[in-house]
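Heads up: the structure comes next, in structure tokens.
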Amino acid sequence: MLDKKYNAEEKEKKWLDYWKDNKIYEFKRNGKEIYSIDTPPPTVNGKIHIGHIFSYTQTEMLARYKRLRGYNIFYPFGFDDNGLPSERLVEKEQGKRAHEIGREAFSKLCYETTDKYEAEFQELFSKMGVSTDWNIHYKTVSPSTIKISQTSFLDLVSKGHCYHKESPALWCNECRTSIAQAELETKTIKTTFNYINFKTVEDNEEFTIATTRPELLPAIVCVFVNPEDEKRKHLIGKTAHIPVIDVEVPIMADAKVALDKGTGVVMCCTFGDQTDIEWWKKYNLPLKYIFTADGKIAESVPNYGGLKIKEARRKIIEDLQEGGYVVKIEELEHEVQTHERCGKEVEYSVMKQWFIDTMNHKEDFIKIGNEIKWHPAHMHVRYDEWVNNIAWDWCISRQRYFGVPFPVWYCKDCGEPIFARNRRLASKSTNR
């Protein structure tokens, strides 16, 4: 008979103990057909939200249904503790940044902190009724997963799918690390569109460039005009003088310059956006990288070195106005790219990074996607759009203190990578 008064805590403990004592959810290789569920591990950042719980209710229904149908359920549960959110959790609790603590001490704190929160997560998901075998749960920064990751990396290198190169990469000044395109979000912000007068060196002819990033004037390497632009194509081949910065750069032609946007003349900086990178590569332009890893102007830049990026923006606008170079300033809202982990605007860094070749395999990804049965069906379309919008190879380097180390050393004399052998994996190595 049912109890007259249901005691939820009592029943919860009873059935949790029963499931555990009788190994109801234990995964055994008993010859039955295996039904495997790939579960997305929740991020260990100090809090569980309704999205985590909801995602596991879906997989839980599948697991229980298939178990009742007689399948041997392989349903591992993981914890994503190899990530910036875990590092930022430790920094928040310690009141210090990772570089202030030191690598060894910070890594120890990360392990201690993630272990504590993972125990809480395990208890919560058990109480929610998640029918996983906790004996096979995993961590993304355990010795076994580190070895798997390092083995995969070496395999990609040996097959020519992974390479080490000095190249522009997305950079987060807040987290002080490079990031991948998949980690980007967009945010609408209020800013200003600044119309600035430049002059040609040859005949002092004025022309106007409109920009939201005047702090990039010291990084200008070229000015572009559309060759089909009847009003401005006579500028092509001349030299532009950059106001306030007092530097001269060539004026070149490229059809990518929009005829119906801005003023029809565009400055190319290293780097403000993806188009700048494309032009830099296409025309073999010089590199003027002016930002530091913590979001300041490099000390080598006269008058503005040491200023934070937005401080430099204000100072350059003031200097332009004082010199009479500003035609007008318009307020506007536009979208900027931000890092999903901290919400801060991203820039581009230039340093040696490890990249996985994705651009040459987009057709393969589409083909594989066509072989998958999608639920719901419209997610197939979203997947195809995501693949087609990949704009550059996947940067897998992270300037981190905690995580999976690359199984690589670097020659002190030439800087070339020296790869670990399989027997050395999961040992100490340089983490780039």
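Bear in mind that the values in this text are calculations on the coordinates, not laboratory data. Fair warning: this is a prediction, and the values are worked out from it, not measured in the lab. Counting neighbours? That spans all protein chains shown, and the Cβs are built from the backbone with ideal geometry, glycine included.
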ask   = When DSSP assigns beta bridges and you keep just the ones with both residues in the range 183-339, what percent turn out antiparallel, to the nearest 5?
value = 90
ask   = Which whole-number percentage describes the relative contact order of the chain, with Cα contacts under 8 Å and a sequence gap of 6 or more?
value = 18
inquiry  = Applying a 10 Å radius around every beta-carbon, put 415-422, 191-198 in order of their mean neighbour count, most first.
reply    = 191-198, 415-422
query = What whole-number value in cubic angstrom gives the convex hull volume per residue for the C-alpha atoms of the range 1-105?
reply = 191
query = Among V130, V90, which comes first, then next, by fewest other beta-carbon atoms within 10 Å?
reply = V130, V90
key: Order of D384, D294 - criterion: other Cβ atoms within 10 Å of each residue's Cβ, fewest first   = D294, D384
inquiry  = Please compute the volume of the convex hull spanned by the alpha-carbon atoms of the chain and report it per residue in Å³.
reply    = 221
request  = List the relative contact order of the range 8-141 as a percent without decimals, with contacts defined as Cα pairs under 8 Å and 6+ residues apart.
outcome  = 36
key: Inter-part distance where the range 250-294 and the range 370-410 are each reduced to a Cα centre, Å   = 27
key: Protection-proxy order for peptides 273-282, 174-183, each taking the mean of Cβ atoms within 10 Å per residue, highest first   = 174-183, 273-282
message = Taking the Cα of K199, stepping 7 Å toward and past its beta carbon, and measuring to each backbone N in the range 220-257: which are under 11 Å?
response = 241-244
note = The helix 378-388 Cα axis meets the longest alpha-carbon principal axis of the chain at an angle in degrees, between 0 and 90 and rounded to 10, of 40
request  = Please give the helix 143-158 orientation as an angle from the longest Cα principal axis of the chain, in degrees from 0 to 90, rounded to the nearest 10.
outcome  = 50
request  = Return the FRET efficiency for the residue pair N22, D384: r is the Cβ-Cβ distance, R0 is 56 Å, and the value is rounded to the nearest 0.05.
outcome  = 0.75
key: Fraction of alpha-carbon pairs over 28 Å apart in the range 183-339 - percent   = 16
query = Under unit Cβ charges (Lys, Arg +1; Asp, Glu -1), what dipole magnitude, rounded to 20 debye, does the chain have relative to its Cα centre?
reply = 1960
query = Among the GluC sites (Glu not before Pro) within the range 360-422, which fall in a DSSP loop and have no more than 15 other Cβ atoms within 10 Å of their own Cβ?
reply = E371
task = Pull up all non-local amide H partners of K139: gap of 5 or more, or a different chain, and H-to-H distance under 5 Å with H placed in the peptide plane.
result = F79
query = Rounded to the nearest 500 deg cm²/dmol, what is the calculated helix-only ellipticity per residue at 222 nm for the chain, with -39500 (n - 2.57) per DSSP H run of length n ≥ 4?
reply = -9500 deg cm²/dmol
query = Taking the Cα atoms only, what angle lies between the long axis of helix 309-322 and the longest principal axis of the chain, rounded to 10 degrees?
reply = 20
